[in-house]
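The values are calculated or read from the model by the stated rules, or taken from the named source; none is laboratory data. Quick caveat, the model's predicted, so the values are computed rather than measured. Counting neighbours? That spans all protein chains shown, and the Cβs are built from the backbone with ideal geometry, glycine included. Keep in mind that these areas ignore ligands, DNA and RNA; they rest on the heavy atoms of the full protein, side chains included. Shrake-Rupley method; radii C 1.70, N 1.55, O 1.52, S 1.80 Å.
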Amino acid sequence: MTGKCLCGAVSVTIERKPDFIHDCNCDLCRKSGGAWAYVPAAATIVVGDTVSFVRRDKPNAAAAVHSCVRCAATTHWVFTERFSHDHPEVDLMGVNMRLFDPAALGGVEVRFPNGKDWAGEGPFDYRRGNATIGDGFAW
């Protein structure tokens, strides 16, 4: 599957539809417009120029969020160098599933984590029940 930013300059290709998408309400996800599938970094292809942003309000931010340099659409995130150094065994990145055609995502579950109220450690709660794209849920 391949998704593209608004102007088409950046494409992100993943091997298959994700099992689920996280539509989080934390400040980073909400303000960047991200809805994330978590995929192996080694099996994901990103083509095009992006710029990254690492939030400064968290002392040990783990994600560097990437956006297209031309249209500014959020495309994906990768772990920061510090996180990758501390956790070399983790092969994961986030892909913004809003880049993909919703019709191609039929059957994918959307989960709604309550990241806004999450302290950053341990499991987080969900702000509402899950929904499946295509079952009366147009995402």
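Only helical DSSP H runs with n ≥ 4 go in: add -39500 (n - 2.57) per run for the chain, normalise by residue count and round the 222 nm mean residue ellipticity to 500 deg cm²/dmol. Intermediate results must be reported in sequence, preceding the final value.
On the way: 2 runs with 12 residues, N = 139.
It lands at -2000 deg cm²/dmol.
Provide the FRET efficiency to the nearest 0.05 for the Val46-Glu81 pair, computing r from the beta carbons and using R0 = 25 Å.
My answer for the efficiency is 0.90.
If you roll a 1.4 angstrom probe over the protein chains with everything in place, what fraction of the accessible area of the chain belongs to carbon and sulfur, to the nearest %?
51 percent
Could you work out which residue, out of Ala103, Ala35, Ala72, moves most in a Gaussian network model of the chain, that is, has the largest mean-square fluctuation with Cα springs under 10 Å?
Highest fluctuation of the listed residues: Ala103.
Could you put Cys7, Cys68 in order of accessible surface area, largest first, with the 1.4 Å probe and the full protein assembly present?
Reading off the accessible areas and sorting them downward yields Cys7, Cys68.
May I ask you to derive the FRET efficiency for Asp91 and Asn130 from their Cβ-Cβ distance with R0 = 22 Å, giving the value to the nearest 0.05?
The calculated FRET efficiency here is 0.30.
Which parts of region 14-29 would a label at Asp117 reach, counting a residue when its backbone N lies under 16 Å from a point 7 Å out along Cα-to-Cβ?
The answer is 24-27, whose backbone nitrogens lie closer than 16 Å to the label point.
Taking only protein heavy atoms into account and a 1.4 Å probe, give the accessible area per residue of the chain in Å².
Heavy-atom accessible area per residue stands at 58 Å².
For Lys58, list the aspartates and glutamates whose Cα falls under 13 Å from its own Cα; do not include residues on the same chain fewer than 8 positions away.
By straight Cα distance, Lys58 reaches Asp27, Glu121.
If a/c stays under 1.5 just call it rounded; otherwise compare a/b with b/c (prolate if a/b is bigger, oblate if not). Do that for region 1-129, with a ≥ b ≥ c from the square roots of the Cα gyration tensor eigenvalues.
It comes out rounded by the Cα gyration axes.
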